[in-house]
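Read the figures in this text as sums done on the coordinates, not as results from a lab. Note that the coordinates shown come from a computational prediction; the quantities given were computed from them, not determined experimentally. For neighbour counting, all protein chains shown are included, and Cβ atoms are generated from backbone atoms with ideal geometry for every residue, glycine included.
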């Protein structure tokens, strides 16, 4: 076994041996706050799209507003819609172009607060689309309000004392709800709080694209992402705070998978 001495600087400088940025990611610079987890999640999605050879055969639907700016960073066909209406727009696109991988990119405020009915009815119909919910439990772009996914005790900029179940109600677990619906083919939840979770989430994203492409029904991929600014914590504490709040309520892993592990894609 080779042992690397880390007590002193390396004798040979590190060398770049591969491109780290997926070609579909137009820039590694972004406008989001330090410590935000959403750029990591988007990067993983684009990496999987390239891996599945879907670069020229996919369309992304985003809610307007904060998520609309991601269009300028992704080299994929995209369109905007009203907040929460992504699954409905994706339904129309998929029915017109069943050969294309259609996916939505939504936040928890977009999907759980403003578009809960849309995602539930889309799941009930078993539409063959992939829906991503980047869940940080806060409306990050509109002032730091709670969302329907904010967990009890979780603080935001506008709710420093934390969510109170008696006053604000309990969080809505979108993934658990959809996992119990007949029209869903795949439901999973990942995170981007450390290297191991990023690697695991990437594998879940791959399945979330594959299941609808094989006609099994809707796939929901929820990804827990950090929002230190919205939570009113220092950027370096974002990952720890997320797992101490959201992570204790929203368990990671697969909640439902109706397909065979041996299935592959040939776009």
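Odds and ends about this structure:
- Relative contact order for region 1-154: 19 percent, from Cα pairs under 8 Å spaced at least 6 residues apart, divided by residue count.
- Of every Cα-Cα pair in region 1-90, the percent that sits beyond 15 Å: 69 percent
- Bridges between two residues of region 99-256, per DSSP, are antiparallel at a rate of about 20%.
- The alpha carbon gyration tensor of region 90-214 gives principal lengths a ≥ b ≥ c with a/c of 1.5 or higher and a/b greater than b/c, which makes the shape prolate.
- Projected label distance in nm at residue 69 and residue 196, using a 7 Å step from Cα toward the beta-carbon: 3.3 nm
- Most mobile listed residue (49, 205, 160) in the chain, GNM with C-alpha springs under 10 Å: 160
- The alpha carbon centroids of region 160-177 and region 119-153 are separated by 13 Å.
- Separation in nanometres of the label points that stand 7 Å from Cα toward Cβ, at residue 12 and residue 167: 6.1 nm
- Of the peptides 71-84, 186-199, 130-143, the ranking by mean beta-carbon count within 10 Å, highest at the top, reads 130-143, 186-199, 71-84.
- Exposure proxy order (Cβ contacts within 10 Å, fewest to most) of 32, 62, 218: 32, 62, 218
- DSSP-defined antiparallel bridges as percent of all bridges, the chain, nearest 5: 20 percent
- Cβ-based exposure ranking for 240, 28, in which fewest neighbours within 10 Å come first: 28, 240
- The reciprocal of the average 1/r between distinct C-alpha atoms defines the Kirkwood hydrodynamic radius, which for the chain equals 19.0 Å.
- Cα shape, region 59-109, gyration tensor, a/c 1.5 rule: oblate
- Inter-probe distance in nm under a simple model that places probes 7 Å from Cα toward Cβ, at residue 158 and residue 99: 4.6 nm
- The length gained by stretching the chain between residue 125 and residue 57 to full extension, at 0.36 nm per residue less their Cα-Cα distance, is 22.2 nm.
- Normalised by the number of residues in the chain, the average gap of Cα pairs under 8 Å and 6 or more apart makes the relative contact order 19 percent.
- Exposure proxy for 231, 103: other Cβ atoms within 10 Å of each Cβ, ordered fewest to most, give 231, 103.
- The alpha carbon centroids of region 14-53 and region 76-90 are separated by 22 Å.
- Anisotropy class assigned to region 163-267 is oblate, per the alpha carbon gyration tensor with a/c at or over the 1.5 cut-off and a/b no larger than b/c.
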